Amino acid sequence: MNEAINAGRDVGRMEFMLTLRQRGIGDQAVLRAMDDVPRANFVDHAFLGVAYADQALPIECGQTISQPYVVAYMTELLAVRSSHRVLEIGTGSGYQAAVLSKLVREVVSIERYRTLGAQARARFAALGYANIEVLFGDGLLGAEAKAPFDRIIVTAAAEEVPQALVDQLTDDGIMVLPLGPHNGPQRIVKLTKSVTATGVELVREELIAVRFVPLLAGQAQEL
Ligand code: SAH
């Protein structure tokens, strides 16, 4: 391995967990899931030395595996229960889906790059994570055939809330997504759906500032 590629210093799994707690992750089940899933299995070989550093890292197809703190934070916001079915848009490395799989009944994850989806599937098989299904396609459209979902998480930045995803939430569902211009200031937004006599309501909370790769329409033409 070329050590020069690793700009960061080695961080062990003890420090990884300590950082999450210090940054305010308090949900014990989420912390356990973060502790259970070996992030080293989801990063490229060149970055093994910094797999447990609190930073996003490049993966294939010009995409990124999210920063551990942001993965834990978004997972906590979802307030999942073990009976839940969750939809993720943007499988990427598969890391976020793996963390969720420890907490819920079923995860459906959509990726627009076949290369990434296939790699993630192989990782889930190797680790024995059997309750994750990876689909190829345009996540902006959701997965109508498998809806409704108790929770939806989007892990690429949307310029506006995708209506198809709101429609595929259960009546009391929660969606968490990064919202904002591509390559501009984005915030994590939590949307809580409720259905009243007058129609569907969405309570919207704007939370921490983040930087995510863009949510792009359509399936990738490249692999
Ligand atoms: N959750 C991932 C983060 C990956 S980065 C992880 O834990 O590693 C975001 C991913 O969203 C990229 O892989 C990108 O290809 C994918 N993506 C972007 N737009 C998409 C869309 N419309 N449908 C499905 N996936 C999309």
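The values are calculated or read from the model by the stated rules, or taken from the named source; none is laboratory data. Computed from a predicted structure; not experimentally measured. A quick note on method: Cβ atoms are made from the backbone with ideal geometry, for glycine too, and the neighbour counts reach across all protein chains shown. In case anyone asks, the SASA skips ligands and DNA or RNA and just uses the protein heavy atoms, side chains included. Shrake-Rupley method; radii C 1.70, N 1.55, O 1.52, S 1.80 Å.
I'd like to verify a number: residues in region 166-189 that are within 16 Å of the chain's Cα centre (by Cα) and surrounded by 19 or more Cβ atoms within 10 Å (Cβ to Cβ), how many?
Here is the first cut: in region 166-189, the residues within 16 Å of the chain's Cα centre (by Cα) are 174-179, 186-189.
With the extra rule that they be surrounded by 19 or more Cβ atoms within 10 Å (Cβ to Cβ), the set shrinks to 174-179, 186, 188-189.
Number satisfying all stated conditions: 9.
For region 53-88, which positions are more than 22 Å from ALA209 (Cα to Cα) and of a type in the set (S, T, N, Q)?
SER82, SER83, listed by residue number.
Just name the residue that is most open to solvent (accessible area, probe 1.4 Å) out of those in region 61-73 that are in a helix (DSSP H, G or I) and near the ligand (Cβ under 9 Å from one of its atoms).
Looking only at region 61-73, we keep the residues that are in a helix (DSSP H, G or I), and these are 61-62, 68-73.
Adding the requirement that they be near the ligand (Cβ under 9 Å from one of its atoms) leaves 61-62, 71.
Numbers: CYS61: 44, GLY62: 67, VAL71: 2 Å².
That would be GLY62.
Looking only at region 103-140, which residues are on the phi > 0 side of the Ramachandran plot and open to solvent by 50 Å² or more (accessible area, probe 1.4 Å)?
GLY128
Checking GLU159 against (1) out of contact with any Leu (no Cβ under 7 Å at 6 or more places or on another chain); (2) open to solvent by less than 60 Å² (accessible area, probe 1.4 Å); (3) modelled with pLDDT of 95 or more; (4) over 24 Å from SER82 (Cβ atoms): exactly one of these is not met. Which one?
All conditions are met except number (2).
For residues that are open to solvent by less than 10 Å² (accessible area, probe 1.4 Å), out of contact with any Asp or Glu (no Cβ under 7 Å at 6 or more places or on another chain) and free of Cβ contacts under 8 Å to residues at least 60 places away in the same chain, tally how many sit in region 76-99.
3
Can you tell me which residues in region 191-216 are exposed (fewer than 12 other Cβ atoms within 10 Å of the Cβ) and outside any strand (DSSP E or B)?
Selection gives ALA197, THR198.
Any residue in region 22-31 that is without any contact (Cβ under 8 Å) to a residue 12 or more places away in the chain, in a helix (DSSP H, G or I) and of a type outside the set (A, V, I, L, M, F, W, C)?
Yes: region 22-31 contains one or more residues that are without any contact (Cβ under 8 Å) to a residue 12 or more places away in the chain, in a helix (DSSP H, G or I) and of a type outside the set (A, V, I, L, M, F, W, C).
Since GLY184 meets every condition but one in (1) part of a strand (DSSP E or B); (2) at pLDDT below 95, which condition does it not meet?
(1)
Within region 89-122, restricting attention to residues that are more than 10 Å from the ligand (Cβ to nearest atom) and part of a strand (DSSP E or B), which residue is farthest from VAL213 (Cα to Cα)?
At the first step, the residues of region 89-122 found to be more than 10 Å from the ligand (Cβ to nearest atom) are 101-108, 114, 118-119, 121-122.
When the remaining residues are screened for being part of a strand (DSSP E or B), the result is 106-108.
Numbers: GLU106: 25, VAL107: 21, VAL108: 20 Å.
Only one residue fits best here, namely GLU106.
Please work out which residue is nearest to ALA122 (Cα to Cα), limiting yourself to region 18-29 and to residues that are in contact with a Phe, Trp or Tyr (Cβ under 9 Å, 6 or more places away or on another chain) and crowded, with 16+ Cβ neighbours inside 10 Å. Steps first, answer last, please.
Let us first name the residues in region 18-29 that are in contact with a Phe, Trp or Tyr (Cβ under 9 Å, 6 or more places away or on another chain), namely 19-20, 23-25.
Now restrict to residues that are crowded, with 16+ Cβ neighbours inside 10 Å: 19-20, 25.
Details: THR19: 29, LEU20: 27, ILE25: 29 Å.
Filtering region 18-29 for residues that are in contact with a Phe, Trp or Tyr (Cβ under 9 Å, 6 or more places away or on another chain) and crowded, with 16+ Cβ neighbours inside 10 Å, the one nearest to ALA122 (Cα to Cα) comes out as LEU20.
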